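Colleague: Got a structure for you, written out below as structure tokens; questions coming shortly.
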Amino acid sequence: MLKTPAWAAPSATEPLAPFAIERREPGPHEVLIDIRYCGVCHSDIHQARDDWGGSIFPMVPGHEIVGTVVKVGNQVERWKEGDTVGVGCFVDSCRHCEACLDGEEQFCSEGMSVTYNGYERTDGKLDKSRPTWGGYSTRITVDENYVLRVPEGIPLDRAAPLLCAGITTYSPLRRYDVGKDDKVAVVGLGGLGHMGVKLAKAMGAHVTVLSHSPGKRDSALALGADDFLSTRDEDVFAQHAGRFDFILDTVSAAHDYNAYLGLLRRDGTMVLVGLPEPQALSAGSLIRGRKRLTGSLIGGIRETQEMLDFCAEYGVAADVEVIGIEQINEAYERMLRGDVRYRFVIDNDSLRKPEAA
Ligand code: NAP
Ligand code: ZN
Ligand code: ZN
């Protein structure tokens, strides 16, 4: 086993602190990755604070991982030492259910092995004696089929958030064929939201940001948004009723879905990717205008690779603030205050320093 420095949340109510874990030597089909950067997703906060229930502690969060392959198992064909790779929100799945066979491993009927706050598999089955540990650590051992190629040309720190924020916004934009001149609204300008703006723009859409932070107007426009509406202004919902073809809702906290559905045109689609506590929904919000409300969960391995290649082709990458691991608890507080432009990314070298371990 490989003793590996990490940071963990000991419980839902304590700050993250140094914690040593062990990684396994790569098996025949596995690779060992030295982690260079790891993005900080709002889902890390939800899970470290047990907002969704069922969290497993201690927890080493982090599912926006980029790094370098340093060792490969003797039957690995896809990767070699020195390759620049990524690991997203899951590290394994059953591989034989309908979803897995369709390349939509995120919907594995036996449950995917999420990168942290979940379990590794033994003989293909989730094994509760083997918790997964995420990217707030210096290295990770992963099956070769659950690793992504990070294309050249994307700065590595700015690539890390693509592994969750990127694919989570790319997948629904693609699924609902967002394209040239579609009127798209992105609700919430955080890690996911700012990727939604960049990706929808790259696909040719006319993009409006809806934000409860009026101070984000200038940076929203600088990110490429065509328009910005402050939802603090209640008139916005009446003035812009029926305006949008497609709404991507990335908000992490409770808000009124019905109000946003009012902004959709007839037959428009609103996709929820933000995952706050349950909210009331009125049937009338959908019936009047035959509107569609749906959700989306990250993306499969194939689509995640497609997204990375798309980002390289269109010059899309996250806007990041690089931090040392010792700033992680402060970063969580700042994210909860909406004070991040637009993704914190951990420089994992900070975990390699003796004082952080
Ligand atoms: P984030 O960076 O913290 O951004 C969330 C944004 O939501 C904030 O920047 C803010 O934007 C808005 N917001 C926050 N509190 C609000 C409030 N009280 N009222 C209205 N708007 C508020 O978070 P993230 O990493 O992008 O994640 C967003 C959500 O997506 C989280 O719930 C996360 O768990 C979920 N998620 C889902 C998936 C999936 O597969 N479906 C994947 C990753 C993450 P403004 O300041 O612009 O209003
Ligand atoms: Zn995430
Ligand atoms: Zn499966």
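Colleague: Any residue that is within 30 Å of Arg266 (Cα to Cα) and free of Cβ contacts under 8 Å to residues at least 12 places away in the same chain - is there at least one of those in segment 176-190?
Modeller: yes
Colleague: Right, something else. With (1) out of contact with any strand residue (DSSP E or B) (no Cβ under 7 Å at 6 or more places or on another chain); (2) assigned to a loop (DSSP other than H, G, I, E, B) as the list, and Ile45 as the residue in question, which single condition is left unmet?
Modeller: (2)
Colleague: Please work out which one of (1) buried (at least 18 other Cβ atoms within 10 Å of the Cβ); (2) modelled with pLDDT of 95 or more is the condition Ser252 fails and give its number.
Modeller: Result: Ser252 fails condition (2) only.
Colleague: A follow-up question, please. Report every pair of residues separated by at least 6 positions or lying on different chains whose Cβ atoms are under 7 Å apart, first residue within segment 267-287 and closer than 26 Å to Arg174 by Cα, second within 13 Å of ligand 1 (Cβ to nearest atom) and of a type in the set (Asp, Glu).
Modeller: Matching pairs, first to second residue: Met270/Asp249; Val271/Asp249; Leu272/Asp249; Val273/Asp249; Gly274/Asp249.
Colleague: Report yes if some residue within segment 52-66 is among the acidic types (Asp, Glu), more than 16 Å from ligand 3 (Cβ to nearest atom) and free of Cβ contacts under 8 Å to residues at least 40 places away in the same chain; otherwise report no.
Modeller: no
Colleague: Which residues, taken from segment 261-286, are under 21 Å from the mean Cα position of the chain (by Cα), of a type in the set (A, V, I, L, M, F, W, C) and surrounded by fewer than 20 Cβ atoms within 10 Å (Cβ to Cβ)?
Modeller: Residue satisfying the conditions is Leu275 alone.
Colleague: Out of contact with any Gly (no Cβ under 6 Å at 6 or more places or on another chain) and at pLDDT 95 or above: which single residue out of Glu277, Glu313 fits that description?
Modeller: Of the residues listed, the single one that is out of contact with any Gly (no Cβ under 6 Å at 6 or more places or on another chain) and at pLDDT 95 or above is Glu313.
Colleague: Say whether the condition of being modelled with pLDDT under 95, of a type in the set (Val, Ile, Thr) and open to solvent by less than 50 Å² (accessible area, probe 1.4 Å) is met by at least one residue in segment 287-294.
Modeller: For segment 287-294, residues modelled with pLDDT under 95, of a type in the set (Val, Ile, Thr) and open to solvent by less than 50 Å² (accessible area, probe 1.4 Å): absent.
Colleague: Within segment 1-29, count every residue that is open to solvent by 30 Å² or more (accessible area, probe 1.4 Å) and either without any contact (Cβ under 8 Å) to a residue 40 or more places away in the chain or more than 15 Å from Gln47 (Cβ to Cβ) (or both).
Modeller: So the count comes out to 14.
Colleague: Same structure, new question: Within segment 239-291, can you find the residues that are of a type in the set (Val, Ile, Thr) and under 24 Å from Lys201 (Cβ atoms)?
Modeller: Across segment 239-291, the qualifying residues are Ile247, Thr250, Val251, Thr269, Val271, Val273.
Colleague: Return the residues of segment 90-139 that are open to solvent by 50 Å² or more (accessible area, probe 1.4 Å), within 14 Å of ligand 3 (Cβ to nearest atom) and of a type in the set (S, T, N, Q); say none if nothing qualifies.
Modeller: Ser109, the sole residue that qualifies.
Colleague: Hey, another quick one. Consider Ser129 against the criteria (1) away from ligand 2 (no atom under 16 Å from the Cβ); (2) among the hydroxyl-bearing types (Ser, Thr, Tyr); (3) under 22 Å from the mean Cα position of the chain (by Cα): it satisfies all of them except one. Which criterion is unmet?
Modeller: Ser129 satisfies every listed condition except (3).
Colleague: Restricting the first residue to segment 77-98 and requiring it to be more than 16 Å from ligand 2 (Cβ to nearest atom) and in a loop (DSSP other than H, G, I, E, B), which pairs with a second residue that is open to solvent by 20 Å² or more (accessible area, probe 1.4 Å) and of a type in the set (Lys, Arg) meet a Cβ separation below 7 Å and a spacing of at least six or different chains?
Modeller: Glu81/Lys71
Colleague: When Val60 is evaluated against the numbered criteria (1) surrounded by fewer than 21 Cβ atoms within 10 Å (Cβ to Cβ); (2) more than 15 Å from ligand 1 (Cβ to nearest atom), which criterion, by number, is the only one it fails?
Modeller: Going through (1) surrounded by fewer than 21 Cβ atoms within 10 Å (Cβ to Cβ); (2) more than 15 Å from ligand 1 (Cβ to nearest atom) one by one, Val60 breaks only (1).
Colleague: Could you count how many residues in segment 201-219 are closer than 25 Å to Gly299 by Cβ and in contact with a Gly (Cβ under 9 Å, 6 or more places away or on another chain)?
Modeller: The total comes to 9.
The values are calculated or read from the model by the stated rules, or taken from the named source; none is laboratory data. Note that the coordinates shown come from a computational prediction; the quantities given were computed from them, not determined experimentally. In this analysis, Cβ positions are derived from the backbone assuming ideal geometry, glycine residues included, and neighbour counts consider all displayed protein chains. Only protein heavy atoms, including side chains, enter the accessible area calculation; ligands, DNA and RNA are left aside. Shrake-Rupley method; radii C 1.70, N 1.55, O 1.52, S 1.80 Å.
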